[in-house]
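Trainee: First, the structure itself, so that you have it in front of you.
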Amino acid sequence: MALKVSIDLSRKFIVSADSDHVFALLSDVEASAAHFPKVHAITKIGDNRFKWEMEKVNLGTHSAQTAYACEYIANSTDKTVEWFPIKGEGNSEVSGKWTIKELSAGTELSFVTKAVLTLPLPGLLKLAISPMVKMEFAGMVDTYITNIKTVLV
């Protein structure tokens, strides 16, 4: 039996870099992913398609590893980068979007993501494990955002 955990996150922040520089980084999946913590491997599996394998995470007395694949669409006109789950790849599904907005001084970034993580854990652990999974995922996203901010000064 598997445990499913659904997570929705959104973050908004401003960096001093111009929007073209921001878009160049975020539309390059491998360059952007290099700033995401706890990535065991990211593998290109086709045009704009990547499989993510995360490091194992300890959840109390249990551990779990997530893997998923996404197709990425970068729109230079709208300055957006979206990702959509590729069904049947890995044990989880992740989707999301970066929206990049030029300001008079700097760039505003909006990040949204939705994840459905399917972990090989007994469903009876949902009440105990689900909050830890959500906290771990949010912490990784926050570290990623911090790393992106550091690069886009």
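Trainee: With the requirement that a residue be of a type in the set (Asp, Glu) and either assigned to a strand (DSSP E or B) or in contact (Cβ under 8 Å) with a residue 60 or more places away in the chain (or both), what does segment 60-86 give you?
Mentor: Matches in segment 60-86: Glu71, Glu82.
Trainee: Can you tell me which residue in segment 91-109 is surrounded by the most Cβ atoms within 10 Å (Cβ to Cβ), limited to those that are on the phi < 0 side of the Ramachandran plot and in a loop (DSSP other than H, G, I, E, B)?
Mentor: Here the residue is Asn91.
Trainee: With surrounded by 19 or more Cβ atoms within 10 Å (Cβ to Cβ), touching a Leu at 6+ places or on another chain (Cβ under 8 Å) and of a type in the set (Val, Ile, Thr) as the only criterion, which of Val151, Val133 stands out?
Mentor: Being surrounded by 19 or more Cβ atoms within 10 Å (Cβ to Cβ), touching a Leu at 6+ places or on another chain (Cβ under 8 Å) and of a type in the set (Val, Ile, Thr) holds for just one of Val151, Val133, which is Val133.
Trainee: Within segment 20-53, work out how many residues are touching a Lys or Arg at 6+ places or on another chain (Cβ under 6 Å) and touching a residue at least 60 places away in the same chain (Cβ under 8 Å).
Mentor: So the answer is 1.
Trainee: Residues of segment 63-87 being among the small types (Gly, Ala, Ser), modelled with pLDDT of 95 or more and surrounded by fewer than 18 Cβ atoms within 10 Å (Cβ to Cβ), which ones? Can you show your working first?
Mentor: Residues of segment 63-87 that are among the small types (Gly, Ala, Ser), as a first pass: 63-64, 67, 69, 74, 76.
Narrowing further to those that are modelled with pLDDT of 95 or more: 67, 69, 74, 76.
Answer for segment 63-87, where residues must be among the small types (Gly, Ala, Ser), modelled with pLDDT of 95 or more and surrounded by fewer than 18 Cβ atoms within 10 Å (Cβ to Cβ): Ala67, Ser76.
Trainee: In addition: Residues of segment 1-47 being at pLDDT below 95 and of a type in the set (Gly, Ala, Ser), which ones?
Mentor: Ala2 - this is the single residue of segment 1-47 that is at pLDDT below 95 and of a type in the set (Gly, Ala, Ser).
The values are calculated or read from the model by the stated rules, or taken from the named source; none is laboratory data. Keep in mind that what you see is a predicted model, and the values were worked out from it rather than measured. A quick note on method: Cβ atoms are made from the backbone with ideal geometry, for glycine too, and the neighbour counts reach across all protein chains shown.
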